[in-house]
1. Kindly indicate whether any position in region 179-195 is under 14 Å from VAL295 (Cβ atoms), surrounded by fewer than 22 Cβ atoms within 10 Å (Cβ to Cβ) and near the ligand (Cβ under 10 Å from one of its atoms).
2. If you check LEU223, LEU238, which single one turns out to be of a type in the set (A, V, I, L, M, F, W, C), over 18 Å from GLN75 (Cα atoms) and surrounded by fewer than 24 Cβ atoms within 10 Å (Cβ to Cβ)?
3. List the helices (runs of 4 or more DSSP H) that sit entirely inside region 91-184 and contain at least 1 residues that are closer than 22 Å to THR196 by Cα.
4. For the structure I just gave you, tell me whether GLN275 is in contact with an Asp or Glu (Cβ under 9 Å, 6 or more places away or on another chain), under 24 Å from PRO154 (Cβ atoms) and not aromatic (Phe, Trp, Tyr).
5. Test ARG112 against the stated conditions and say whether it is within 16 Å of the ligand (Cβ to nearest atom), more than 20 Å from GLY332 (Cα to Cα) and not hydrophobic (A, V, I, L, M, F, W, C).
6. Find the residue count for region 215-255, including only residues that are away from the ligand (no atom under 15 Å from the Cβ) and in a helix (DSSP H, G or I).
7. Look through region 149-178, keep the residues that are charged (D, E, K, R) and surrounded by fewer than 23 Cβ atoms within 10 Å (Cβ to Cβ), and return whichever of them is farthest from the ligand (Cβ to nearest atom).
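The values are calculated or read from the model by the stated rules, or taken from the named source; none is laboratory data. The model shown is predicted, which means the values in this text are computed figures rather than measured ones. Please note: Cβ atoms are built from the backbone with ideal geometry, for glycine as well, and neighbour counts cover all protein chains shown.
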Amino acid sequence: MNWPEHGGQPKRIFELNGIKNDDRYFDFSANINPLGPPPVLKEHLVEAYNQLERYPDPDYREATKLVAVHEGLVQEQVLLTNGGSEAIFLVAQQFIGKKALIIEPTFSEYERACQVYNLSVTHLSLQLEHNFSFPLEKVLHKIEKVDVVFLCRPNNPTGTVIDLEDIKALLNKGVECQTTIVVDEAFIHFLPSQITDLAFLIDTYSNLILLRSLTKIYAIPSLRLGYMIARPEMITRLKRNQIPWSVNGIVTALLPNLFTQELFIDGTKAWLQRQLKVLTSELSRLGFFYSPTLVNFYLLRDQHADSEQLFRYLLKNKIIPRHTHNFKGLDGHYLRFAVRSEDENSYLLKTLSRWREKTW
Ligand SMILES: Cc1ncc(COP(=O)(O)O)c(C=O)c1O
């Protein structure tokens, strides 16, 4: 089957599976904030209407300054991008024809960006049999043989987080053998507050590049905004290859209002951890395996049944999971679910419970 590369394509999934659905459905396949955009955004979006007729500042000076202040950095360490995706491709472009390491299963765009820019890619895999734990020793061993390592923290699709100490060990080794470590922090805002992001390491490690996305936490995938944090020389090089005006002026006009949404982010974190508690305890009770996630999505597997059958059963019940056919090492054997609203999560659990009654 010609599975779509990403989640959030419900119509295509129904069509591909030959299931007619003109009715309501529950899309668990896209992992954006289930609480939706911050409510004040609508008002500010109307105000930003007057930006439509203007070209944005090609250097995004004000927006870049805002990001820098927000992160406690200087402007020269920041590059605004059209979502996290543009950032991934800009990074890969810096390493044309060189060697990359990707730890699977992870976001498929690292591999695609490497293919586009002709990087040769080596893969290592998370230890599936040990709850997707990070294979530190193997990665340390491989680092000296590659020019760039792509890491995703928290990782899509497992929701797991590489320990800070492991990250430091990789960075130190990277400094020794001149390997750049790229850490995609697209889902960082969903983590419990005691887990820190990595921006504080930027001044210490010249081989670190951080990728951020604001489309996930603020639920604005149509507006699209991301940024990169790296040392100034690297930012200058990355910027040289960026398409002019690649970030739209509407989203940069909204940025000051996004960065004041701390309560919204804290509220999302607290709400999410409560939902995860309910979900994981019920999934355990029903005997499903799930990845030890800390964020707004998780992998699920029914060890007692075929995942294709479970997928179709859920579709027939109007639930759309994310297939895992294009996640290396998962090959469709798991399903990824976003954490959705309380009612939707509860509907999912009830539907899984009925499935369990059928299979046991
Ligand atoms: C890990 C990861 N990084 C980056 C992105 C791209 O995000 P954006 O919508 O900001 O381009 C995604 C999108 O799913 C993702 O899962």
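1. Within region 179-195 (the criterion being under 14 Å from VAL295 (Cβ atoms), surrounded by fewer than 22 Cβ atoms within 10 Å (Cβ to Cβ) and near the ligand (Cβ under 10 Å from one of its atoms)), the answer is yes, since at least one residue qualifies.
2. LEU223
3. By residue number, 136-143, 164-177.
4. Against the criterion (in contact with an Asp or Glu (Cβ under 9 Å, 6 or more places away or on another chain), under 24 Å from PRO154 (Cβ atoms) and not aromatic (Phe, Trp, Tyr)), GLN275 qualifies.
5. no
6. 12
7. Out of the qualifying residues, it is GLU176.
Each row is one residue, and each column tells you yes or no for (1) touching a Lys or Arg at 6+ places or on another chain (Cβ under 8 Å); (2) surrounded by fewer than 21 Cβ atoms within 10 Å (Cβ to Cβ); (3) assigned by TED's automatic domain parsing to the domain that holds THR324.
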{"position": "ASN21", "(1), (2), (3)": "yes, yes, yes"}
{"position": "GLU47", "(1), (2), (3)": "no, yes, no"}
{"position": "ASP59", "(1), (2), (3)": "no, yes, no"}
{"position": "GLY83", "(1), (2), (3)": "yes, no, no"}
{"position": "TYR110", "(1), (2), (3)": "no, no, no"}
